[in-house]
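The values are calculated or read from the model by the stated rules, or taken from the named source; none is laboratory data. All of these numbers come straight from a predicted model, not from anything done at the bench. FYI the Cβ positions are ideal-geometry reconstructions off the backbone, even for glycines, and counts take in every protein chain you see. Surface accessibility is based on the protein's heavy atoms, side chains included, excluding ligands, DNA and RNA. Shrake-Rupley method; radii C 1.70, N 1.55, O 1.52, S 1.80 Å.
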Amino acid sequence: MKTFADLANPWIGGLAIYEPGRPVEEVARELGFESADEISKLASNENALGPSPRAVAAMREAASKMHRYPDGGAFYLKQALAAKLDVRPSQILTANGSNEVLELIGHVFLGPDTNIVMADRAFVVYRLIARSSRAEVVAVKMKDYTHDLDAMLAAITDRTKVVFVSNPNNPTGTMLDEPAVERFVARVPDSVVVCLDEAYIELLPEDRQPDSLAFVRQGKKVIVARTFSKTYGLAGLRIGYAVAAEDCIGLLNRVRQPFNVNAMALAAAVAALDDDEHVRRTREMVRSGLAQLEEGFRRLGLAFVPAVVNFMLVKVGKGREVFEALQRRGVIVRPMDGYGLPEYVRVTVGTRAENEKCLRGLREVLAG
Ligand code: PMP
């Protein structure tokens, strides 16, 4: 008898499955904690302050209208984004998290006999999407935990369709400055799409955010991917967007589901976009949390990669063992062996108390 695997497209069985941070409820159950509240999840780069309160109010109001389909064209959200970002609504695609933007890029541009160029320690989803589109992955070694843009340029061939640059990068927490990205985009051949993944960009003060949307305004082959998951604290809702030339957005729109963004997410995102106070508090929490973690790591004699975002790589020795021991103490971080960094874990900035709990846990684990 044939199995489903026999019937599936032959390349599917070999694909890797994305390993997400574990839900707190599951860890609490498994390790015998009374409640999920005893666990600090510092594993998925979420916003420790929670969602924007304005977004929560908008979701409450939207709840009674959930018998209606969402606005498949995301009219109000695109209007609000266009005004804020100084682009046209037709240059925006809304998506089920920026993850869906990456996936749609795969559908539109990738296939057999094509490849993507990415950094070896950039966000793993680029790799997964290329593979599921049957494209090859050219992973270029990072330099000092940062994209080596010259080496990435040199890696581009006739087969290359998309170059992914995560800026700032997950999981290293590092960032390329505006002139470096500008020089890079200017030198990428016209036959290649550059995806600038800026999932964390709003965590930076405005004067430190590179103006990557200028590439779109100038008509370059650049797709900027952004999200409401991080700075706006809406990871559970799944809402992100792409900004690119109108013809590119038209192509991406052809391969998305008609209602890819749900109605609650649309309402919440519009409200969150206006919530400057929540963004300001989030930036402040991240700035002081990074300082607290850095100081704690120094006191423990641990090396770390200085970060500009709400997470940091820290060198703890046996990363997976430390991850497990911290988890038993109610702190979830992310082991990094999947990224070829078995001596590191990635710690997301939490509240002051959560950061302290993580540092205390590390002290105990490393002492014993
Ligand atoms: N890009 C990067 C660099 C990320 O770290 C993440 C989230 N881990 C994403 C994209 C996807 O985020 P989302 O789908 O929640 O918008």
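Side notes on the structure shown:
- Between amide H atoms placed 1.01 Å from N, distances below 5 Å from Val163 occur with Val117, Val193, Val194, Cys195, all of them 5 or more places distant or on a separate chain.
- Net charge over other residues, Cβ less than 9 angstrom from the Cβ of Ser229 (K, R count +1; D, E count -1): +1
- Net +/- balance of residues flanking Gly21 in space, Cβ distance below 9 Å, scoring K and R +1, D and E -1: +1
- The phi torsions of the range 182-190, fed into the Karplus equation with coefficients 6.51, -1.76 and 1.60 and a -60° offset, translate into couplings of 4, 4, 5, 4, 5, 9, 5, x, 4 Hz, rounded to whole numbers, with Gly and Pro shown as x.
- Using only the C-alpha atoms, the convex hull of the range 53-272 corresponds to 114 Å³ per residue.
- Accessible area expressed per residue, the range 43-139, with surrounding protein chains retained (probe 1.4 Å, Å²): 46
- Computed with a 1.4 Å probe over protein heavy atoms only, the accessible surface of the range 222-364 comes to 39 Å² per residue.
- Per-residue Karplus couplings for the range 199-208, computed as 6.51 cos²θ - 1.76 cosθ + 1.60 with θ equal to phi - 60°, are listed in order as 4, 10, 4, 6, 6, 7, x, 3, 6, 10 Hz, Gly and Pro entered as x.
- Normalising the average separation of contacting C-alpha pairs (under 8 angstrom, six or more residues apart) by the number of residues puts the relative contact order of the range 53-272 at 30 percent.
- Listed by chain and number, the aspartates and glutamates whose alpha-carbon sits under 17 Å from that of Lys318, ignoring those within fewer than 8 places in the same chain, are Asp337, Glu343, Glu364.
- For the range 44-132: relative contact order, % (alpha-carbon pairs under 8 angstrom, 6 or more apart): 18
- C-alpha center-to-center spacing [the range 64-102, the range 148-191] in angstrom: 27
- For the range 1-116, the carbon plus sulfur part of the accessible surface works out to 54%, probe radius 1.4 Å.
- Whole-Hz ³J(HN,Hα) from phi, Karplus 6.51 cos²θ - 1.76 cosθ + 1.60, for the range 72-86, glycine and proline x: x, x, 6, 3, 5, 5, 5, 4, 5, 5, 4, 5, 5, 9, 6
- The figure for Tyr339 is an accessible area of roughly 40 square angstrom, using a 1.4 Å probe on the protein chains alone.
- Cross-link pairs beyond the 24 Å C-alpha cut-off, checked among Lys143/Lys315; Lys78/Lys220; Lys143/Lys230: Lys143/Lys230
- Extension reserve of the Lys84-Ala186 stretch, reckoned as 0.36 nm per residue once the Cα distance is removed: 34.2 nm
- Under a 5 Å amide H cut-off, with hydrogens placed 1.01 Å from N, Val345 pairs with Val314, Val316 among residues at least 5 apart or on other chains.
- Divided by 2.2 N^0.38 Å, where N counts the residues, the Cα radius of gyration of the chain comes to 1.00.
- Averaging the Cα positions of each part gives two centres, and for the range 15-34 and the range 108-129 these lie 27 Å apart.
- For the pair Glu364 and Glu30, label points projected 7 Å from Cα toward Cβ lie 1.9 nm apart.
- For Leu176, distant residues with modelled amide H under 5 Å away: none
- Charge dipole of the chain about the Cα centre (unit charges at C-beta), most positive-ward option of Asn262, Val165, Ile201: Asn262
- Cα-projected label distance for Leu300 with Ala151, points at 7 Å along beta-carbon direction, nm: 2.9
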